[in-house]
Every structure is written in C-alpha cells, then in structure tokens.
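The values are calculated or read from the model by the stated rules, or taken from the named source; none is laboratory data. All values reported here derive from a predicted model rather than from experimental measurement. Methodologically, a virtual Cβ is constructed for each residue, glycine included, from the backbone with ideal geometry; neighbour enumeration extends over all protein chains shown.
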Amino acid sequence: MNYLKIFVSFLFFVLLVTLGLSFFLSANQKVERTVIINASAPVIYNHLIKLENFNKFSVWSQQDSTAVYTLSGKDGTVGASTSWKGSPEISGEGKIEIVALEPNNKVTHTLQFSQPKKGKAESVFLLNETNKETTSVTWTFKMATPRPWNIFNLFYSLDKQMGKDFEDGLTALKNMIELNIPDSINTPNR
C-alpha cells in the first residue's frame, strides 16, 4: 500500500510540473529564414501573391508527386486559397489561404493542416527593398502548439527540423525570379 501512495504522489508531481511548465513555455514555434534576391520588391511581390507560384517553389510540393491541389477564389487576392491532398508521410492534407496583402511589402497566409495531424500556422513573407535591384525576403512561419502539448517543444524544434526546407524554398524562389525577371516585370502590380 505504501508503494501505491508513493507512485500516485510521483504521478501527481509529474503532472503538476508538466502543467506548470506548459504555462511558462511558448505556445508557438517559429522558423524564420531570409534570402537576398536580385530583383525589385514589386517583381518579387507579384510572384509571391500567386498561390500557384507557392506550389512551384515550396519544397514540399516538389517532394510529393502524388499531391493534388485545388485553387479557390481569384489567385493573388485576399481570400484565395488552395487545398492539397498528398502522401501522408510528406505533405498530408490541408489548406493555405491568403489573408493579407501589403503591396510590395508583405504577403500573409494562414495554413490549416488536417492530415496526418491537425494544426494551424501562419506564414509571412516580408520584403525589404535595399535598392531597385536587390530585395531581402524574410519568410516567417509560426505554428501553434497549444497547452499542455507545448511541453513537447522542449524536445522538438521546428526550426531545427524544418529550417532547411524553408532555406531550400527561398533558394528556389530566388532562382525562379532571377531566371524569369523579364516575365515578372510585365506582371501588373496588384
């Protein structure tokens, strides 16, 4: 009987510590990467606002040949979205929606993951034109990890696990834009 009390006390202590830690830890994880692109902010912005272009430079789209994308709304405008369904091991299932656009400055998306694991995230591209021919593009991705599950943030770093994917995506974006600048320049600013 004494062992049972010790065991129950231990479990209660572990539960109490876990709950306490969950209130001190962040309920979000973040990945942030930056690339310098040899193009003006309007050229990059006109490329970034299109969800069809996102699917071309996103490493997850490139890794999953089984993924099927469905566009809703007018691409390049607030409210437009694309849903995807692919391999559960690579891209799973979800939806990305354009929620805010600041011409030549910022593109904001929300993401809803439904398979294999449910979740919500925000993706922001921030453009900072250093001169007419060079622009810094920062991609920030924030994913919610609700309490008490945020305790696992102690053992799992989204930045360490996926940072390279964001770097590769920005490199692909850079290459797409720099190789197609004449086409991008003719795209009207929205």
Just wondering, is there one or more residues in region 90-103 that are without any contact (Cβ under 8 Å) to a residue 40 or more places away in the chain and assigned to a helix (DSSP H, G or I)?
-> no
Single unsatisfied condition, K95 versus (1) among the basic types (K, R); (2) modelled with pLDDT of 90 or more; (3) within 15 Å of N46 (Cα to Cα) = (3)
Name the one entry in T70, T135, T108, T130 that is in contact with a Leu (Cβ under 7 Å, 6 or more places away or on another chain) and not in a loop (DSSP other than H, G, I, E, B).
-> T135
Give just the number: which of (1) assigned to a loop (DSSP other than H, G, I, E, B); (2) surrounded by fewer than 19 Cβ atoms within 10 Å (Cβ to Cβ) does A39 not satisfy?
-> (2)
Is there a residue being in contact with a Gly (Cβ under 8 Å, 6 or more places away or on another chain) and surrounded by 15 or more Cβ atoms within 10 Å (Cβ to Cβ) anywhere in region 124-139?
-> yes
Residues satisfying the stated conditions in region 111-124, i.e. among the basic types (K, R) and either farther than 23 Å from E32 by Cβ or part of a strand (DSSP E or B) (or both) = K118, K120
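To keep it simple, each residue is scored yes or no on (1) of a type outside the set (D, E, K, R); (2) part of a helix (DSSP H, G or I).
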{"site": "K30", "(1), (2)": "no, no"}
{"site": "F54", "(1), (2)": "yes, yes"}
{"site": "S61", "(1), (2)": "yes, yes"}
{"site": "G76", "(1), (2)": "yes, no"}
{"site": "W84", "(1), (2)": "yes, no"}
{"site": "S87", "(1), (2)": "yes, no"}
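This table checks each residue for (1) basic (K, R); (2) farther than 18 Å from D165 by Cβ.
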{"residue": "I36", "(1), (2)": "no, yes"}
{"residue": "K50", "(1), (2)": "yes, yes"}
{"residue": "W60", "(1), (2)": "no, no"}
{"residue": "Q63", "(1), (2)": "no, no"}
{"residue": "S72", "(1), (2)": "no, yes"}
{"residue": "W84", "(1), (2)": "no, no"}
{"residue": "Q115", "(1), (2)": "no, yes"}
{"residue": "S123", "(1), (2)": "no, no"}
{"residue": "T138", "(1), (2)": "no, no"}
One residue from T82, T77 being hydroxyl-bearing (S, T, Y), farther than 18 Å from L170 by Cβ, modelled with pLDDT of 90 or more and surrounded by fewer than 17 Cβ atoms within 10 Å (Cβ to Cβ) = T77
Could you list, in sequence order, all residues of region 87-131 that are of a type in the set (V, I, T) and over 21 Å from Q29 (Cα atoms)?
-> T130
